[in-house]
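Student: There's a structure below that I have some questions on.
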Amino acid sequence: MMGFFFAVSCIIGIVLCCFGGSGSTALDCLLAGADSAVELSISLAGAYLLWMGLINVASEACGANAQAAPPFNARCR
């Protein structure tokens, strides 16, 4: 149901951009949004990799297995 509304709103937006004469403005906004999305994805991936590295180091330091998170391991407390 939500997919239908999303598709309809996209089609209406594309039609209005084409016939409204603001196609270049819409393209500029679209590219700026895509640029922001890529920057956000890269920064979140960096934070995720840092966190997973810290968890891996803590896990090996405590002698925990790979399935147990270090804060919940009784040997780490």
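Student: Let me confirm something: among A34, A66, A61, which residue is out of contact with any helix residue (DSSP H, G or I) (no Cβ under 9 Å at 6 or more places or on another chain) and either assigned to a helix (DSSP H, G or I) or modelled with pLDDT under 85 (or both)?
Tutor: Details: A66 fails: out of contact with any helix residue (DSSP H, G or I) (no Cβ under 9 Å at 6 or more places or on another chain); A61 fails: out of contact with any helix residue (DSSP H, G or I) (no Cβ under 9 Å at 6 or more places or on another chain).
After applying the criteria, what remains is A34.
Student: Also: Could you grab me the full set of residues in segment 5-32 that are surrounded by 10 or more Cβ atoms within 10 Å (Cβ to Cβ) and of a type in the set (G, A, S)?
Tutor: Residues satisfying the conditions are A7, S9, G13, G20, S22, G23, A26, A32.
Student: Moving on to the next point. Taking the condition modelled with pLDDT of 90 or more and among the acidic types (D, E), does E39 pass? Before the answer, list the steps.
Tutor: On the way: modelled with pLDDT of 90 or more: yes; among the acidic types (D, E): yes.
Criteria met by E39.
The values are calculated or read from the model by the stated rules, or taken from the named source; none is laboratory data. Just so it is clear, the model here is predicted, and its values are computed rather than measured. Here Cβ is always computed from backbone atoms with ideal geometry, including for glycine, and neighbour counts include all displayed protein chains.
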